[in-house]
Amino acid sequence: MEQISTETALDAIPLALFLLGPGRRVRFANRAAREMFGDIPAQAPFVRVLRHPDCLALADAALRGQAPDETEFTVRHPHPATFRARATPLTGAALLSLQDISAEVAAVSMRSEFVANVSHELRSPLTSVLGFIETLLANPEAPPEERKRQLEIMQGEARRMNRLISGLLSLSRIEAEEKLRPEAPVRPAALLRDLCATLRPRAEASGRALILDCPQELEGLEIPGDADQLTQLFVNLVENALAHGGDSDVIVSLGRADSAPGIAGPVACVCVADDGPGIAPEHVARLTERFYRADPARTRSAGGTGLGLAIVKHIVARHRGRLRIESAPGRGARFRVFLPVFPAPRTA
């Protein structure tokens, strides 16, 4: 059997490994370490690779022959990262391994933040409902008008919780399918026409118009997609414009382009636009975060859950598309969705 050198074996290990000699000098760094930290000169002090005191103390303990130990630490330069380090003493040396656990730490943080946000969002309406139930039980002889008012508030809060739970379930389903690219042919022109017909009465009830701009030559345009999710995507964008576009009409337009940033080949472009109050620049980049609201009071009063644009982002990602948001105070908002299209119209 062919003998394998120690260095070759260490290069095959995906963890970043450093063989340290006296004075914490690097005798050897495997391929994963070199890819993570760049070329490391022979006998270079390890402090030139990482300066974190916890990591250095771990290495020193192993060089003194202490039992194997591990620690976790975060560095800020050259970029933020969290590592799990383990040092094992050897004869006259120490073997130090570094595992980048930044994604794992971020996932834990996101889960904790998500649970906290959901708890906060549910606590307010639930507290309101419980309060009114206690009031009704304590005052069974309350006037019918007062009982009706309290029951209507309870109904509104219960509907708010139901919308929130429905949004969370939708988001969970979309995330579970995000890596499965849909391939069924969908005609965006027909989808947008049906959607606008459904939502137009809501716009007209508030004295506004919902206008569809769809050129005749794009009627046969097809994209690979999930029709239900694409409907949800554009419903969310139109409802967002109706809720936050002030007194402005809402215009939904369909176009086609030969390319778009990050997408190879021709694309369909759907734009949902309004000329309302617009969005401040510091909010635009965060609009697709879960539960993020540029104007929390107005969003809640309009029945929003803070999940609509997060759902939009994940549906666009599943369809390998791109979302672009353009807005400024006093200049309205433009939400553009770019989606890959089939090379040519398919025949039925």
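Every number here is computed from the coordinates shown, using simple stated rules; none is lab data. Fair warning: this is a prediction, and the values are worked out from it, not measured in the lab. Note: ideal-geometry Cβ built from the backbone for every residue, glycine included; neighbour counts use all protein chains shown.
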Practice task
Calculate, in nm to one decimal, what residue 13 and residue 183 gain on full extension: separation in residues at 0.36 nm each, minus their alpha carbon distance.
Solution key: 57.4 nm
Completion exercise
Output ordering of 267-273, 14-20, 126-132 (per-residue mean of other Cβ within 10 Å, highest first) is 267-273, 14-20, 126-132
Exercise for the section: Grab the Cα-Cα distance for residue 127 and residue 172, subtract it from 0.36 nm times how many residues apart they are, and report the gain in nm with one decimal. Expected result: 13.6 nm
Handout entry: Estimated vicinal HN-Hα couplings, Hz - the range 268-280 in sequence order (Karplus 6.51, -1.76, 1.60; Gly, Pro = x)
Key = 9, 10, 10, 10, 10, 10, 9, 10, x, x, x, 10, 5
Exercise for the section: Obtain the nm distance between the two label points defined at residue 212 and residue 228 by a simple spin-label model: each point lies 7 Å from its Cα along the Cα-to-C-beta direction. Expected result: 2.2
Handout entry: Axial C-alpha extent at least 30 Å, average Kyte-Doolittle at least 0.0 - helices from the chain (DSSP)
Key = 102-138
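As a test of understanding, state the convex hull volume per residue of the chain from its alpha carbons, in Å³. Could the numbers behind the result be given before it?
Values: hull volume 85.6 nm³, N = 348.
Measuring per residue, one finds 246 Å³ for the Cα hull of the chain.
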Fill in the blank from the handout: Counting only backbone N atoms under 20 Å from a point 7 Å out along Cα-to-Cβ of residue 82, the residues of the range 88-119 in range are 97-118
Fill in the blank from the handout: Under the 7 Å Cα-to-Cβ spin-label approximation, residue 71 and residue 149 lie apart by a distance in nanometres of 6.3
Problem - Relative contact order of the chain, pairs being alpha-carbon contacts under 8 Å that are 6 or more residues apart, as % - result: 12
Problem - Pair residue 104, residue 40: separation of 7 Å Cα→Cβ label points (nm) - result: 2.0
Exercise for the section: May I ask you to compute the full-extension gain from residue 204 to residue 159, defined as 0.36 nm times their residue separation minus their alpha-carbon distance, rounded to one decimal in nm? Expected result: 13.9 nm
Handout entry: Per-pair calculated FRET efficiency, R0 = 41 Å: residue 115 and residue 48 via Cβ, rounded to 0.05
Key = 0.50
